[in-house]
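Below is one structure, written out as structure tokens; the observations come after it.
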Amino acid sequence: MKLLLVIFLVHAIFIPCFSFDVSGKDLPLTLDNYKSTCPTAFDVIKKEMECIVKEDPRNAAIVIRLHFHDCFVQGCDASVLLDETETLQGEKKASPNINSLKGYEIVDRIKNIIESECPGVVSCADLLTISARDATILVGGPYWDVPVGRKDSKTASYELATTNLPTPEEGLVSIISKFYYQGLSVEDMVALVGAHTIGKAQCRNFRSRIYGDFRVTSALNPVSETYLTSLRELCPESSGEGDSNVTAMDNVTPNLFDNSIYHTLLRGEGLLNSDQEIYSSMFGIQTRRIVSKYAEDPVAFFEQFSKSMVKMGNILNSKSLVEGEVRRNCRFVNT
């Protein structure tokens, strides 16, 4: 009941940032947007992502996370890809991104190939959205259709990147509010967290967890204690020591997109505070139920993850659709 009240208050306070065009109709994304202008676009991206993930399975998680960080700031408009210039403050140095967000070179690599096939046609925003879908499939995750037709923004927002993105230390109520602000539900939030089944985290982002309430949430389980010991060996308690050391958030099947991350939360072994909060928080009545459902039913998780990724990918900036462009280089606005 408390959680439902919190959700109601959050929904009343925050206005979702997904938007509509001036005519009031849904923004014009279609499955066949490139059918005549660049019919090979999807195939080219898929083929290159196959090579990229084969080179390093972690690249799948990197691309999905990059897409997430893009969509939560100004909508899915490739603003996260913009390098800083004398006239533009980018998002790459915002606290949730600096020393953490990767994958820019992956996007460059695919963009170069696309530009050689169809110059000035496929937006960086669409490229990133399609790549995130293909990355998911390549490590065992579900398929979904990707509507396309996004434009690339000519702006970025350091401020929104700092405030809109959930952090590893965040509490459940705050996380829910940030998802609601984007027009995403609690069910969407729990499903999208499932992407952590293939992700890795840096020591600086899970230090407080393993030296905090890890033992409490894992109920002093001897197996969990062994896992905790290995984490502490990797990540010393003192800030600054081993900050960039990484480990998998799913320590069972780290390179396979499955529902294992939810079993991790059931055991109380979530690596990030923000993840474990979904199951262990006193406000987590609804989220706890959803975690249990996805742990028991991988098909339900896959179905909802697909729906939630489409929904997130449809968070758009109507200004970019009117004033945006198709960048020739994803790092810079066209001149």
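Which numbered condition trips up Leu265, out of (1) buried (at least 21 other Cβ atoms within 10 Å of the Cβ); (2) in contact with a Gly (Cβ under 8 Å, 6 or more places away or on another chain); (3) of a type in the set (A, V, I, L, M, F, W, C)?
Here Leu265 meets the rest and fails (2).
Restricting to segment 312-335, name every residue that is open to solvent by less than 20 Å² (accessible area, probe 1.4 Å) and in a helix (DSSP H, G or I).
Listed by number, the residues that qualify are Met312, Gly313, Ser320.
Looking at segment 104-201, what helices (runs of 4 or more DSSP H) fall wholly within it and have at least 3 residues that are in contact (Cβ under 8 Å) with a residue 60 or more places away in the chain and within 16 Å of the chain's Cα centre (by Cα)?
Once the helices (runs of 4 or more DSSP H) in segment 104-201 are filtered for at least 3 residues that are in contact (Cβ under 8 Å) with a residue 60 or more places away in the chain and within 16 Å of the chain's Cα centre (by Cα), what remains is 124-138, 158-164, 172-181, 186-193.
Of the residues that sit in segment 279-311 and are buried (at least 24 other Cβ atoms within 10 Å of the Cβ) and not hydroxyl-bearing (Ser, Thr, Tyr), which one is nearest to Thr129 (Cα to Cα)?
Among residues in segment 279-311 that are buried (at least 24 other Cβ atoms within 10 Å of the Cβ) and not hydroxyl-bearing (Ser, Thr, Tyr), the one nearest to Thr129 (Cα to Cα) is Met309.
Is one or more of the residues making up segment 274-288 without any contact (Cβ under 8 Å) to a residue 60 or more places away in the chain and acidic (Asp, Glu)?
Scanning segment 274-288, I find no residue that is without any contact (Cβ under 8 Å) to a residue 60 or more places away in the chain and acidic (Asp, Glu), so the answer is no.
Give the residues of segment 43-63 that are more than 30 Å from Ile98 (Cβ to Cβ) and open to solvent by less than 60 Å² (accessible area, probe 1.4 Å), sorted by residue number.
Val44
The values are calculated or read from the model by the stated rules, or taken from the named source; none is laboratory data. On a predicted model such as this, the values are computed, not experimentally measured, just so you know. Note: ideal-geometry Cβ built from the backbone for every residue, glycine included; neighbour counts use all protein chains shown. Accessible surface is based on the protein model in full, side chains and every heavy atom, while ligands, DNA and RNA are left aside. Shrake-Rupley method; radii C 1.70, N 1.55, O 1.52, S 1.80 Å.
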